[in-house]
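Participant: Submitted below is the structure of interest, expressed as structure tokens.
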Amino acid sequence: MALSIEGAVVAEIIRQATAELPNESCGYLLGKEEVVTENYKMTNVDASPEHFSFDPKE
């Protein structure tokens, strides 16, 4: 069993991480049947390059 991530999702993750540099970016990956189809972006409320915490309201 192998997990795969759609190319558009990979590109979105890279865009998010680049935009949030130098801080950690965070989110959830969603999908089914071993295929990731969506990146649900979350806010790093700590705005830290070393760790992250999700916004509970999200």
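The values are calculated or read from the model by the stated rules, or taken from the named source; none is laboratory data. Remember, it's a predicted structure, so these values are computed and weren't measured experimentally. Cβ sites come from the backbone with ideal geometry, for glycine too, and all protein chains shown count toward neighbours. Only protein heavy atoms, including side chains, enter the accessible area calculation; ligands, DNA and RNA are left aside. Shrake-Rupley method; radii C 1.70, N 1.55, O 1.52, S 1.80 Å.
Participant: May I ask you to list the residues in segment 32-41 that are within 13 Å of GLU12 (Cβ to Cβ) and surrounded by 11 or more Cβ atoms within 10 Å (Cβ to Cβ)?
Facilitator: Selection gives VAL36, THR37, GLU38, ASN39, LYS41.
Participant: Would you be able to tell me the number of residues in segment 30-53 that are touching a Ser or Thr at 6+ places or on another chain (Cβ under 9 Å) and not in a loop (DSSP other than H, G, I, E, B)?
Facilitator: Here the count works out to 6.
Participant: Kindly evaluate ALA19 against the criterion of being hydrophobic (A, V, I, L, M, F, W, C) and farther than 24 Å from LYS57 by Cα.
Facilitator: It is false that ALA19 is hydrophobic (A, V, I, L, M, F, W, C) and farther than 24 Å from LYS57 by Cα.
Participant: Of all residues being farther than 11 Å from THR43 by Cα and part of a loop (DSSP other than H, G, I, E, B) in segment 8-22, which is most open to solvent (accessible area, probe 1.4 Å)? Just the residue, please.
Facilitator: LEU21
Participant: Which ones in segment 42-58 are out of contact with any Pro (no Cβ under 7 Å at 6 or more places or on another chain) and surrounded by fewer than 13 Cβ atoms within 10 Å (Cβ to Cβ)? Break it down into steps so the answer makes sense when it comes.
Facilitator: Initially, segment 42-58 is screened for residues out of contact with any Pro (no Cβ under 7 Å at 6 or more places or on another chain), giving 42-48, 50-58.
Within segment 42-58, ALA47, SER48, GLU50, HIS51, ASP55, PRO56, LYS57, GLU58 qualify.
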